[in-house]
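Here the structure is laid out as structure tokens; the discussion comes afterwards.
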Amino acid sequence: MTETMMPRSAAAALDQSDPLAALRDEFALPDGVIYLDGNSLGARPQAAAARAAQVIAQEWGDGLVRSWNKAGWFEMPTRLGDLLAPLIGAGADEVVVTDTTSMNLFKALAGALHIQAQRPASAARRIIVSERSNFPTDLYIAEGLASWLDRGYQLRLIDSPDQLDAAIDSDTAVVMLTHVNYRSGSLHDMATINRIAHQRGALTVWDLAHSVGALPIHLQRDDCDFAVGCTYKYLNGGPGAPAFIWLAPRHQADFAQPLTGWWGHAAPFAMAPGFVPVDGIRRALCGTQPMVSLALVECGLNVFAKTSMGAIRTKSLALTDLFIALVEARCAAHPLRLVTPREHARRGSHVSFEHPHGYPVMQALIARGVIGDYREPHIMRFGFTPLYTRFVDVWDAVAILADLLDRQAYDLTGARDAVT
Ligand SMILES: *Cc1c(COP(=O)(O)O)cnc(C)c1O
């Protein structure tokens, strides 16, 4: 069937046969909203409200300081890391949920540069390869770390993935990339890039912010060195929920990071004056974690335990394929340009279209209950989250978009919000 002709009933039939359909009930979604921004802030798991109340009333209120032991607070970063590990192709004791993505990136990049600096064969390497279109905080963190270290580290930024091969050379210390680009939705070939980097003596740091929970990730199989990622996007951990950091087991013993706080100490309650890093993944920790937020990460992870990343990827590609096909069929008269790669192997789980009036069009969509977001320049971003996005949501969102564009029902004079 061509999507041009696809009636809404055909989208409803896809929902009928969708093996993930029942998981939508795990989420509290407001009526009248088509939520296509789970790649920015995931929806709330139903269970999160009761879990928050339990942490606040019982664990904090009744348990008080005893909860560090009795409620498992002190172990929570590693316990949640072990729950998250299967989603990223990692094993137990390899991941901790802690701090922010920005902070974890700082730690991972610093640790990777330190390992290179310790190796006689790579100590002179001063180049960090990344992408100009990377999420800004990643580049800011790398810039800040390079200037703080004051040893001549420099960023080498490529403008498209096909420049990577030439950019990674004998001067390259670290290749630092985001797996799925936040703006375009394009997906890197992790295994190939790791292989090229390693052949040339470089280490890799991957940011999984827009891929974890959206597609299968195989950190071990694909031979990554370090990875960080976000829990408040596809993992539905809650606004500002702590992020995560993964170290390849082969690097754990040599991993030294600059935020040497007491939670990374071998014996934190010995209260000794000198820093001695703990063995294992806890050395990636720094200090006391926000327990209310951290506890809620588990509610999101529990939903993933009811399905598989393979099933999620299958539905994700079906949703994004349908969205692209419907937009191109029904909005063909309008100046929309697909920014996201069409090939499945190069696409994450969001779709970006450029439109000269992207910001006001997105505002008009949001006013009609279709929540996506806007990224400079001119890009409307639509995130598809297979746990709760339905095929009829895709159909309805495109019908509303087509209607808005046909009637030019958007306001070119409106002011911009701080968060777009
Ligand atoms: C969302 C995102 C972040 C967020 O970093 P915070 O420290 O949580 O603000 C970082 N990097 C990438 C690539 C992202 O997509």
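Here are a few things to note about the model shown:
- Filtered residues of the range 285-329 (kept if part of a helix (DSSP H, G or I) and under 15 Å from ASP99 (Cα atoms)): MET291, VAL292, SER293, LEU294, ALA295, LEU296, VAL297
- Qualifying positions in the range 250-266 - in contact with a helix residue (DSSP H, G or I) (Cβ under 7 Å, 6 or more places away or on another chain), open to solvent by 70 Å² or more (accessible area, probe 1.4 Å) and under 20 Å from LEU203 (Cβ atoms): ASP254
- A single entry from GLU376, GLU354 fulfils the requirement of being open to solvent by 40 Å² or more (accessible area, probe 1.4 Å), of a type in the set (Asp, Glu), within 27 Å of VAL419 (Cα to Cα) and at pLDDT below 95: GLU376.
- Single unsatisfied condition, ARG151 versus (1) assigned to a helix (DSSP H, G or I); (2) over 21 Å from ASN194 (Cα atoms); (3) not aromatic (Phe, Trp, Tyr): (1)
- Looking only at the range 164-193, and only at residues there that are part of a helix (DSSP H, G or I) and surrounded by fewer than 21 Cβ atoms within 10 Å (Cβ to Cβ), the one that is nearest to the chain's Cα centre (by Cα): ALA191
- Subset tally (residues that are surrounded by fewer than 20 Cβ atoms within 10 Å (Cβ to Cβ) and part of a loop (DSSP other than H, G, I, E, B)) for the range 42-60: 1
- Any hit, the range 136-144, residues being assigned to a loop (DSSP other than H, G, I, E, B) and either open to solvent by less than 70 Å² (accessible area, probe 1.4 Å) or over 14 Å from ILE193 (Cβ atoms) (or both): no
- The range 7-41 - residue that is surrounded by fewer than 18 Cβ atoms within 10 Å (Cβ to Cβ) and in a loop (DSSP other than H, G, I, E, B) and, of those, farthest from the chain's Cα centre (by Cα): PRO7
- Scanning the range 130-147 for residues that are in contact with a helix residue (DSSP H, G or I) (Cβ under 9 Å, 6 or more places away or on another chain), among the charged types (D, E, K, R) and more than 10 Å from the ligand (Cβ to nearest atom) yields GLU131, ARG132.
- Number of residues in the range 92-129 that are within 11 Å of the ligand (Cβ to nearest atom) and either open to solvent by less than 10 Å² (accessible area, probe 1.4 Å) or over 21 Å from VAL297 (Cα atoms) (or both) equals 3.
- Failed criterion for SER170 (all others in (1) out of contact with any helix residue (DSSP H, G or I) (no Cβ under 9 Å at 6 or more places or on another chain); (2) within 11 Å of the ligand (Cβ to nearest atom) hold): (2)
- Where ARG342 falls short, out of the listed (1) part of a loop (DSSP other than H, G, I, E, B); (2) touching a residue at least 24 places away in the same chain (Cβ under 8 Å): (2)
- ARG346 being charged (D, E, K, R) and either open to solvent by less than 50 Å² (accessible area, probe 1.4 Å) or more than 19 Å from LEU36 (Cβ to Cβ) (or both): yes
- Test: residue in the range 205-215 that is of a type in the set (A, V, I, L, M, F, W, C), in contact with a strand residue (DSSP E or B) (Cβ under 9 Å, 6 or more places away or on another chain), farther than 28 Å from PHE353 by Cα and open to solvent by less than 40 Å² (accessible area, probe 1.4 Å): yes
- Looking only at the range 75-91, and only at residues there that are assigned to a helix (DSSP H, G or I) and open to solvent by 40 Å² or more (accessible area, probe 1.4 Å), the one that is nearest to the ligand (Cβ to nearest atom): LEU83
- Taking the range 213-246 as the range and being of a type outside the set (S, T, N, Q), under 29 Å from ALA167 (Cα atoms), more than 10 Å from the ligand (Cβ to nearest atom) and assigned to a loop (DSSP other than H, G, I, E, B) as the test, the residues that pass are ALA214, LEU215, PRO216, ILE217, HIS218, LEU219, ARG221, ASP222, ASP223, CYS224, ASP225.
The values are calculated or read from the model by the stated rules, or taken from the named source; none is laboratory data. If you're wondering where the values come from, they're calculated on a predicted model, not measured in any experiment. We place every Cβ from the backbone using ideal geometry, glycine too, and count neighbours over all the protein chains shown. For accessibility, only protein heavy atoms count, side chains too; no ligands or nucleic acids. Shrake-Rupley method; radii C 1.70, N 1.55, O 1.52, S 1.80 Å.
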